[in-house]
């Protein structure tokens, strides 16, 4: 059975409204028969440094923990590469657990400006 968990800093600081939205998205996902990992985009934004922020719900459907460290993270829109990076995040997602996370793509790593529509985030 898939569980929803929050990294400790997220758990302490996440606004009630944001937590409710994450719980709503999690409850609407079909977790049956899923394997591997999946990232579901919750929102995108730019910060004051013009970095591109992609907040996702990372679903680890495997029976093993999944580490983000050293993984290639790609953001595409309509099959077109917008940005990619090597993850330096040390987050480990337990087996059969979903956790929200925000990936920060440096402004210099953007190959093209993202649109207002959500693309897809791939972690491998």
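Just so you know, in segment 94-112 the residues that are in contact (Cβ under 8 Å) with a residue 60 or more places away in the chain and closer than 16 Å to residue 36 by Cβ include one that is surrounded by the most Cβ atoms within 10 Å (Cβ to Cβ), and it is 98.
Being free of Cβ contacts under 8 Å to residues at least 40 places away in the same chain and either surrounded by 10 or more Cβ atoms within 10 Å (Cβ to Cβ) or over 13 Å from the mean Cα position of the chain (by Cα) (or both) is not true of residue 37. Taken over segment 78-93, residues that are free of Cβ contacts under 8 Å to residues at least 12 places away in the same chain and surrounded by 17 or more Cβ atoms within 10 Å (Cβ to Cβ) amount to 0. When residue 26 is tested against (1) under 13 Å from the mean Cα position of the chain (by Cα); (2) assigned to a loop (DSSP other than H, G, I, E, B); (3) under 18 Å from residue 1 (Cβ atoms), just one condition goes unmet, and that condition is (2). Of the residues making up segment 52-70, those that are in a loop (DSSP other than H, G, I, E, B) and surrounded by fewer than 17 Cβ atoms within 10 Å (Cβ to Cβ) are 62, 63, 64, 65, 69, 70. Pairs linking a residue in segment 43-70 that is touching a residue at least 40 places away in the same chain (Cβ under 8 Å) and on the phi > 0 side of the Ramachandran plot to a residue that is surrounded by 14 or more Cβ atoms within 10 Å (Cβ to Cβ) and in a strand (DSSP E or B), with Cβ atoms under 9 Å and 6 or more positions apart or on different chains, are 50/110. When segment 80-93 is filtered for residues that are in contact with a strand residue (DSSP E or B) (Cβ under 9 Å, 6 or more places away or on another chain) and not in a strand (DSSP E or B), the ones remaining, listed by number, are 87, 89, 90, 91.
Here is a yes/no grid of residues against (1) in contact with a helix residue (DSSP H, G or I) (Cβ under 8 Å, 6 or more places away or on another chain); (2) under 22 Å from residue 105 (Cα atoms):
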| residue | (1), (2) |
| --- | --- |
| 12 | no, no |
| 22 | no, yes |
| 27 | no, no |
| 31 | no, no |
| 35 | no, no |
| 48 | no, yes |
| 52 | yes, yes |
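Taking segment 54-77 only, how many residues are under 9 Å from the mean Cα position of the chain (by Cα) and within 15 Å of residue 109 (Cβ to Cβ)? Number satisfying all stated conditions: 1.
Can you confirm whether segment 28-37 contains a residue that is modelled with pLDDT of 95 or more and in contact with a strand residue (DSSP E or B) (Cβ under 6 Å, 6 or more places away or on another chain)? Checked against the condition, which is being modelled with pLDDT of 95 or more and in contact with a strand residue (DSSP E or B) (Cβ under 6 Å, 6 or more places away or on another chain), segment 28-37 yields at least one hit.
Answer yes or no as to whether residue 75 is over 30 Å from residue 112 (Cβ atoms) and surrounded by 14 or more Cβ atoms within 10 Å (Cβ to Cβ). No, not satisfied.
The values are calculated or read from the model by the stated rules, or taken from the named source; none is laboratory data. Every value quoted in this text rests on a predicted model; they were computed, and no experiment measured them. Reconstructed Cβ throughout: ideal geometry from the backbone, glycine too, with neighbour counts over all protein chains shown.
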